[in-house]
Amino acid sequence: MGEPRPRPLIAGNWKMNGRRSDGIALAKAIVAEAGSLGAELLVCPPATLIAPVGEAVKGTAVALGGQDCHPAPSGAHTGDISAPMLVDLGCRYVIVGHSERRAEHGESDALVKAKAEAALAAGLSPIVCLGETEAERDLGEALAVVTRQLLGSLPAGASGARTVVAYEPVWAIGTGRTPSARDIEVVHGHLRRELATLVADAGAVRLLYGGSVKAGNAKEILALADVDGALVGGASLKAEEFLAIARACP
Ligand code: PGA
């Protein structure tokens with residue numbers, strides 16, 4: 001109580017979008033405005049663009065992150081990228097356990113946890129994603145699902161300084177639909193209380209909301225209790241929209 005809120009984090013998840021020229025232009029447009037903002041800004045380009053976007057944001061107020069990493073530091077894992085490789089390109093964050101990877105690549109909580117632990121070991125801050133499906137919400141299971149995912153995916157050694165948790169209801173991702181303000185607060189408050197049983201400085205762990213965040217709804221969402229920023233997909237591909245979300249931070 002009365003603790004200062006952590007500095008908000010506005011993270012852009014570009015997913016599988018962008019050619020080299022698009023990515024560099026987007027990064028430069030974000031960099032141009034980033035210095036004047038209170039929130040911390042992060043861009044997570046697709047793997048092919050991490051190096052050139054990294055050059056564009058190097059030495060600026062915009063941080064760089066990956067969208068996934070393998071649990072192992074190196075080895076025979078065709079197509080995968082390790083956490084130390086992301087560090088080598090200047091990344092400070094990596095998204096793990098995004099619902100698209102959980103669904104399309106069958107990622108389990110245990111695998112997500114191993115990825116998050118690999119990220120910590122390499123010096124990255126993992127952004128651990130979780131969230132219920134629409135069917136689970138309709139069954140009244142949202143809190144049970146996110147609790148199970150949090151307990152199963154949070155890395156050993158998680159701390160406020162080095163771990164971020166993103167609540168992203170699957171049914172709100174890319175759909176233009178969002179939970180009510182009250183529903184977001186209920187889940188975030190619940191996650192904070194669960195975190196308090198797992199992490200010494202739970203109040204400092206940034207809890208992001210993700211799923212159809214845009215300039216038009218950011219102010220209301222970012223003002224909610226226990227919402228410490230946003231993980232933004234579609235709206236992060238337009239510099240003005242992404243910056244408007246960042247400016248909406250309280
Ligand atoms: P969206 O995606 O903002 O396009 O809904 C969010 C996410 O998947 O991280």
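The values are calculated or read from the model by the stated rules, or taken from the named source; none is laboratory data. The structure displayed is predicted, hence computed values, not measured ones. So basically every Cβ, Gly included, is an ideal-geometry build from the backbone, and we count neighbours across all protein chains shown.
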Query raised in the report: Within region 122-129, is even one residue over 20 Å from A230 (Cβ atoms), at pLDDT 95 or above and loosely packed, with under 15 Cβ neighbours inside 10 Å?
Result: yes
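Looking at this structure, is L154 in contact with a Gly (Cβ under 7 Å, 6 or more places away or on another chain) and touching a residue at least 12 places away in the same chain (Cβ under 8 Å)?
no
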Query raised in the report: Out of region 226-235, which residues are touching a Lys or Arg at 6+ places or on another chain (Cβ under 9 Å) and on the phi < 0 side of the Ramachandran plot?
Result: D228, V232, G233, G234, A235
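Counting just the residues of region 212-228 that are more than 15 Å from R177 (Cα to Cα) and in contact with a strand residue (DSSP E or B) (Cβ under 9 Å, 6 or more places away or on another chain), which one comes out surrounded by the fewest Cβ atoms within 10 Å (Cβ to Cβ)?
Let us first name the residues in region 212-228 that are more than 15 Å from R177 (Cα to Cα), namely 219, 222-228.
Narrowing further to those that are in contact with a strand residue (DSSP E or B) (Cβ under 9 Å, 6 or more places away or on another chain): 222, 224, 226-228.
Values: L222: 23, L224: 16, D226: 21, V227: 24, D228: 24.
Out of the qualifying residues, it is L224.
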Requested in this report: Search region 224-250 for residues that are free of Cβ contacts under 8 Å to residues at least 40 places away in the same chain and pair each with any residue that is among the charged types (D, E, K, R) and more than 15 Å from the ligand (Cβ to nearest atom) when their beta-carbon atoms are under 6 Å apart and the residues are at least 6 apart or on different chains.
Outcome: A248/K219
Requested in this report: Give the residue, chosen from I50, I30, that is closer than 23 Å to A218 by Cα and buried (at least 16 other Cβ atoms within 10 Å of the Cβ).
Outcome: I30
Query raised in the report: Say we look at region 229-247 and pick out the residues that are surrounded by fewer than 24 Cβ atoms within 10 Å (Cβ to Cβ) and more than 8 Å from the ligand (Cβ to nearest atom); which of these is nearest to H98 (Cα to Cα)?
Result: L237
Report task. Filter region 87-103 down to the residues that are under 22 Å from V146 (Cα atoms) and basic (K, R), then identify the one that is surrounded by the fewest Cβ atoms within 10 Å (Cβ to Cβ). Result -> R101
Requested in this report: Identify, from the list L9, L37, L41, the residue that is over 30 Å from S108 (Cβ atoms) and within 16 Å of the ligand (Cβ to nearest atom).
Outcome: L41
Query raised in the report: From the residues in region 188-211 that are surrounded by 22 or more Cβ atoms within 10 Å (Cβ to Cβ) and part of a loop (DSSP other than H, G, I, E, B), which one is nearest to the ligand (Cβ to nearest atom)?
Result: G211
**Report entry** Test set (1) more than 22 Å from V112 (Cα to Cα); (2) of a type in the set (S, T, Y); (3) away from the ligand (no atom under 16 Å from the Cβ) - S159 fails condition number
**Finding:** (1)
Report summary line: Only one of (1) closer than 19 Å to A196 by Cβ; (2) more than 16 Å from the ligand (Cβ to nearest atom); (3) of a type in the set (S, T, Y) does not apply to Y167, and that is (2)
Requested in this report: Within region 161-194, track down each residue that is within 14 Å of the chain's Cα centre (by Cα) and of a type in the set (G, A, S).
Outcome: A166
